[in-house]
Each structure stands twice: as C-alpha cells, then as structure tokens.
1. Of all the residues that make up segment 416-437, how many are of a type outside the set (S, T, N, Q) and in contact with a helix residue (DSSP H, G or I) (Cβ under 7 Å, 6 or more places away or on another chain)?
2. Mind checking which helices (runs of 4 or more DSSP H) fall wholly inside segment 58-154 and carry at least 2 residues that are among the hydrophobic types (A, V, I, L, M, F, W, C) and free of Cβ contacts under 8 Å to residues at least 12 places away in the same chain?
3. Condition test on VAL125, is it farther than 30 Å from VAL88 by Cα, among the hydrophobic types (A, V, I, L, M, F, W, C) and surrounded by fewer than 22 Cβ atoms within 10 Å (Cβ to Cβ)?
4. Would you confirm whether any residue within segment 200-212 is more than 29 Å from VAL88 (Cβ to Cβ) and without any contact (Cβ under 8 Å) to a residue 12 or more places away in the chain?
5. Residues to consider are ALA210, ALA217; find the one that is touching an Asp or Glu at 6+ places or on another chain (Cβ under 6 Å), at pLDDT 90 or above and closer than 30 Å to GLY85 by Cα.
6. Evaluate segment 232-251: report whether one residue or more is out of contact with any Lys or Arg (no Cβ under 7 Å at 6 or more places or on another chain), at pLDDT below 90, among the β-branched types (Val, Ile, Thr) and farther than 19 Å from VAL53 by Cα.
7. Is it the case, given these coordinates, that VAL362 is part of a helix (DSSP H, G or I), within 23 Å of the chain's Cα centre (by Cα) and among the β-branched types (Val, Ile, Thr)?
8. Need the failing condition index for SER262 against (1) in contact (Cβ under 8 Å) with a residue 40 or more places away in the chain; (2) not in a helix (DSSP H, G or I), just the number.
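The values are calculated or read from the model by the stated rules, or taken from the named source; none is laboratory data. What you see is a predicted model; the values in this text were computed from it and never measured. Here the Cβ positions follow ideal geometry from the backbone for every residue, glycine too, while neighbour counts run over all protein chains shown.
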Amino acid sequence: MHLHRTPEKNNTVSNVLDMTSGNPCSLILQFTMPILLSQVFQQLYNTADAFIVGKYLGTNALAAVTSSGNLIFLLVSFFMGLAMGGGVVISRYFGARDERQVSRSVHTMIAFGLVSGVLLTIVGVLFTPAFLIWMRTDPEVMPEAVEYFRYYFLGAIAMVMYNVCRSIMNALGDSKRPLYYLIFSSLVNIILDLLFIGGFHQGVWAAAAATVISQAASVALCMIYLLRKGNIYTVEIRSIRFHKAILSEILRYGLPSGVQNSVIAFANVIVQSQINSFGKLAMAGYGVHAKIEGFVFLPVTSFNMATTTFISQNLGARRYDRAKKGARFSILAAVLMAEAIGVLYYIFATQLIGIFDSTPGVIEYGATQARIVALFYFLLAFSHSIAAVCRGAGKAFVPMIIMLSIWCVLRIGYIIAVMRLIGEIRYVFWAYPLTWSISSVIYLIYYLSSDWVHGFERG
C-alpha cells in the first residue's frame, strides 16, 4: 500500500515531517533544533553522574565513572550503528510513500532492539572485569569501575530500546517527541543522583542505577506513543518480528555503520588504555574532557543526524538536486559551528574542566588535551558531515573503510609508536587532529568525485 498524498496533508502521519518539499536549509534547521536539545539531555545522563560523583565521592569514583564512556560506547556502538541503518531504511520508504514497508521496517526495528538489548546486558554484566583489566584500569579505581559498569549494563535493554525508538521517530521527521521524553528522563536522572548519592550517601552503583531507571522511563514513554493507533508507524505487539527482506536492508545499510562505530570505539579504548597507564589523575582528566567534548560537539552531531534523514527522504523521492543542496548547507554549517565552538573551548578549557574536579592534576591533563584538539574541530566536523551524507545515500560502506583505516589502524599505530619512542601524554593527544586531517582530505576527494546521489540505485 502506498501513500498517495504527502505526509503533511495526510492525517494519519500528522506527527511526522516531510522534507522532500520546501526550503532545504530551513527544514534541516527545523529538524536539527529538537535533535540538538535531545542530544543535550542525552549527555546529561552521564555528565550528571560525573558531576555529582566528583563532588560527593572523590577522584577515584570520578575516574571510575568518566573512564566508562569509551567502554560503554564500544559495547553499544555496534547496535547503535545498526539502528542508524534502520533509520535510513525507514526514511527512504517514507520518502517513497511506501506505507507498507514503513510499517514493516518499524516492527523489524523494535524486534532488533529487544534482541540486541538482551545480548548487550549479558555481555556487559559477565565480561566487565575482563574489559577493565584489558584497559589497564588503575587498581585503585577497579572496584568502583566494576560496580558502576555492572549496574549500568543491567539496564542495557532500556538504553538500546530508547535509541531504537528515537531512530524510528527521527527517520519519519519527528524530532520533537524524543526531546520531550528526554527532558523528563534527564530530570529524573538528576533527581535520583542527588537523592541516592547526595542524600543517602550511596556509592557509584547508585549513579548507574539512576541512569538505568531514567532510561527505562524514557522507553516507557516512547512505547506508549508508538502503540497509539492511526499512524503508519503504529506498533502492534503481535506484529513485532523480523521481516527478512527488511532485516537484510537494515544490515546492508547499518552493518557498515555498526562496524565503523565499533572500530572508532575500539581505537578510543586503546587510547584510554594508554591514558590509564599515566595514573588516575590522567584518567579523570581525560574522562572529564570527553564529557565536555560530548556536549560542545552536540550541534555538529545533531546537524549530521538531520542531514542523514534529509538525504534519505529526498533520495527515496528521487529529489537529487534537493539532496545536493541540503548536503552543501549541512557541511558548511557544521564546519563553521565546530570551529566557533572549538575556539571557545580552547579559551575556557581550564574553567570547564574545573567544574567537574578542582584537583590541579586533573585540570592540567584535561586542559592540555582540550587545547591540543579544540582548534581542529572543523576537521572533525567535516569528516562526520560527509559520513552523514554517505549514510543517508545508502553508502555507509565508504565511511566504514575510511574510519577503519584512518581512525583505527593509523591512530593506534601512531599511539603505539609515540608511547614507545617518547612516552609523553601530549603526543598521544595529537593522534586525534592528525587522523582528522587525513580523513577529511579523503572524504573531500570522495565527495567531489563520486555519484553519491544514486547510492540506493547502484547499491
């Protein structure tokens, strides 16, 4: 069954946004803003944990929580990449007005999320100690790190399911509703952190528990909405299953993104293991910088998510010139925003790091990294922007190859060489702008020379 009317004129899809008509720039901005705010509140989960833990439980506990980011991302990134593929599939069918395939894609995505969440919970709980030992976690930090991780991954299914639900809504142009749910759940997380840690004086497990509970709340709100009748994306419990053809498409477009995410995460874990060898102050400083960077780079990542959806919808509708125009605008806007943010972060790095931990050693390590990488954020933004265009065009294999070769193999090789030859931490930090520069050159060549707008047709 196909949609014969555009979504904005069809009452059954009144909550979604059709980006195949209208001004591309304004539509991308309109779609980006709720995503940006959603990303901000998403970051509040772990950032609130880090801030409150640092204030109430000390540097060891802060190091345990902040060093969790790369390991968590390593374990969840593969599933999140596959969810990206699902979003591309849904956006493409939505742009093509294929209601039947949209519905099948949504139900396959829900089934995927449930299975992935169970698998991630098992792996995270059982293998946490082994992962932390592999990362050379400081023995002083190890007990609290194990405690935090295990409680965190007990709620992994909620984390996966929220991101699946968000991918579904974003793919259909509904970026506002995930924002509303995240505002609620983020406030719940902060209140529970203050209650458990500040009020009841519990340990780092309480920070993880607060995160899990708040994520479960956001999933409950998402599912209540998706179960509502009268929309093309309406979820019916009895229809939740894997549709073979749809699953194949999700894997086709999502597997490269999943591999790419895992590769990047693996490289970051290797970097983390080298940082850990410098002691707990370096761990905390590096971890705090990562939290801040996650926040300051949100405008760019939000633009990228909007770009992928815009490109997919328009290529599904065969609006090739609109796709090109939207891509040019998104790339330029992301690069300019990233550099402005980088300059501000460079200037205020010491003050921002100090918000989380006033220990001089932590501030020194964190600010050193910030001032090495911040002025090169325009390169990071450019690479991510082209990757977003590729994913939206069904060419997720391209960024996978580039990230595998440059952000993993080259980055790790450089770091190993530097640690053996020099052994100074600031040279480890230089691995990031170096690899961003090389990937940006390769992406530029690909973008200018390839026929990416026909990615779906040519496979």
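1. The number of residues fulfilling the criteria is 13.
2. Working: elements: 59-66, 68-95, 99-134, 142-154.
It comes to 99-134.
3. Taking the combined requirement at face value, the residue satisfies it.
4. yes
5. Answer to the check: ALA210.
6. Yes, segment 232-251 contains at least one residue that is out of contact with any Lys or Arg (no Cβ under 7 Å at 6 or more places or on another chain), at pLDDT below 90, among the β-branched types (Val, Ile, Thr) and farther than 19 Å from VAL53 by Cα.
7. No.
8. Of everything listed in (1) in contact (Cβ under 8 Å) with a residue 40 or more places away in the chain; (2) not in a helix (DSSP H, G or I), SER262 misses just condition (2).
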